[in-house]
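Colleague: So that we are looking at the same thing, I have put the structure below in structure tokens.
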Amino acid sequence: MIRCIAIDDEFLALEVIENYVERLPHVQLVKTFTNALESISFLNQEQPDLIFLDIDMPEINGIEFLKSLNKPPLAIFTTAYSQFAPEAFDLDAVDYLIKPIPFERFLKAIQKVEQRMNSTADKNNQPYLFIKSDYKTFRVDFDDILFIEGMKDFISVRTSNQEIPTLLTISGILEKLPASNFIRVHRSFVIALNKISSIERGHIFIGEFKIPIGDMYRDELMKRIV
């Protein structure tokens with residue numbers, strides 16, 4: 001789960017972010033603010049994963065506000081002005097969204113956040129994870145995983161020799177996997193890049209398995225394999 005806040009002096013801009021977040025079950029908007037300074041206490045106490053931050057605001061602009069934080073969360077700037085992008089990326093911002101923000105562009109920014117969070121987790125992860133299934137707990141080596149499929153109320157982890165159902169979500173399992181070798185290619189599928197046999201006509205083939213590629217995930221997949 002990605003826990004986030006949004007800061008913007010325009011109520012309409014906050015409503016757009018709220019509506020977009022509601023479409024994404026793995027993202028939670030825990031609070032919104034129209035004044036950046038009013039968010040400081042909340043940031044220090046709650047430590048969200050992500051902040052959506054406008055730039056042109058009264059009292060202090062978004063860039064100066066982010067600079068002022070001792071331990072800033074990941075940041076996505078949301079602004080009507082393109083000229084601040086270089087300075088924003090100098091602050092290691094995850095993304096820079098120009099208003100009005102299309103949902104597809106918003107989703108791409110969230111995917112970048114997931115990759116950044118996964119990459120951070122990779123530094124401490126061992127080359128395996130434990131998965132609870134019914135009354136058993138399985139150790140699963142990352143290198144054995146072929147793909148993960150999301151079902152209605154659970155996911156199924158497919159390895160080279162077994163299928164393990166678990167009550168984790170797609171976003172939950174992504175947080176545990178090394179981003180260097182796993183990628184989401186569809187609303188219901190995460191695959192191991194090094195297990196791809198071929199790609200043909202909008203599908204990925206992993207051995208005997210045929211996995212669809214979602215339109216919203218196609219570009220990122222192509223970037224990772226070329």
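Here, each number is a calculation from the coordinates, and none is a lab measurement. All values reported here derive from a predicted model rather than from experimental measurement. Cβ sites come from the backbone with ideal geometry, for glycine too, and all protein chains shown count toward neighbours.
Colleague: For the chain, which DSSP H helices look membrane-span-like by this rule: Cα extent along the axis of 15 Å or more and mean Kyte-Doolittle of at least 0.0? Don't jump to the answer; show the numbers that get you there.
Modeller: Values: long enough: 11-22 (16 Å, 0.82); 103-122 (28 Å, -0.79).
Span-like helices here: 11-22.
Colleague: Give me, ordered by chain and number, the residues 5 or more places off residue 99 or on other chains with an amide H under 5 Å from its own placed amide H.
Modeller: Sorted by chain and number, the residues that satisfy this are 79, 80, 81.
Colleague: What's the lysine pair count for the chain at a Cα cut-off below 17 Å, pairs eight or more apart or interchain? Working shown, then result.
Modeller: On the way: 99/108; 108/223; 112/176; 112/223; 123/176; 132/176; 195/210; 195/223.
Going through the chain pair by pair, I get 8.
Colleague: Taking H as built 1.01 Å from N, whose amide H comes closer than 5 Å to the amide H of residue 53, not counting residues under 5 places away?
Modeller: 7, 76, 77, 78
Colleague: With a cut-off of at most 11 other beta carbons within 10 Å, and DSSP calling the residue loop, which trypsin sites (Lys or Arg not before Pro) in the stretch 102-173 qualify? Please list them.
Modeller: Those satisfying the criteria are 123, 152.
Colleague: When only DSSP loop residues count, what GluC sites (Glu not before Pro) in the stretch 59-103 have their Cβ near at most 15 other Cβ atoms within 10 Å? Write out the running numbers ahead of the final one.
Modeller: Numbers: sites: 59, 64, 87; in loops: 59.
The qualifying sites are 59.
Colleague: Report the extension gain between residue 143 and residue 80 in nm, rounded to one decimal, defined as 0.36 nm multiplied by the number of residues separating them, less their alpha carbon distance. Don't skip to the answer; put the middle values down first.
Modeller: Numbers: separation 63, 0.36 × 63 = 22.68 nm, distance 4.38 nm.
Once the chain is fully extended between residue 143 and residue 80, it gains 18.3 nm.
Colleague: Sort 65, 84 so the one with the fewest other Cβ atoms within 10 Å of its own Cβ comes first.
Modeller: Numbers: 65 22, 84 17.
So the ranking, lowest neighbour count to highest, is 84, 65.
Colleague: Name all residues of the stretch 198-226 having a backbone nitrogen under 13 Å from the label point set 7 Å from the Cα of residue 103 along its Cα→Cβ direction, giving them as ranges.
Modeller: In the stretch 198-226, the label zone of residue 103 (backbone N under 13 Å from the point 7 Å along Cα→Cβ) covers 216.
Colleague: Filter the trypsin sites (Lys or Arg not before Pro) in the stretch 1-82 down to the DSSP loop ones having no more than 13 other Cβ atoms within 10 Å, then list what survives. Walk me through the numbers on the way to the answer.
Modeller: Numbers: sites: 3, 23, 31, 67; in loops: 23.
Those satisfying the criteria are 23.
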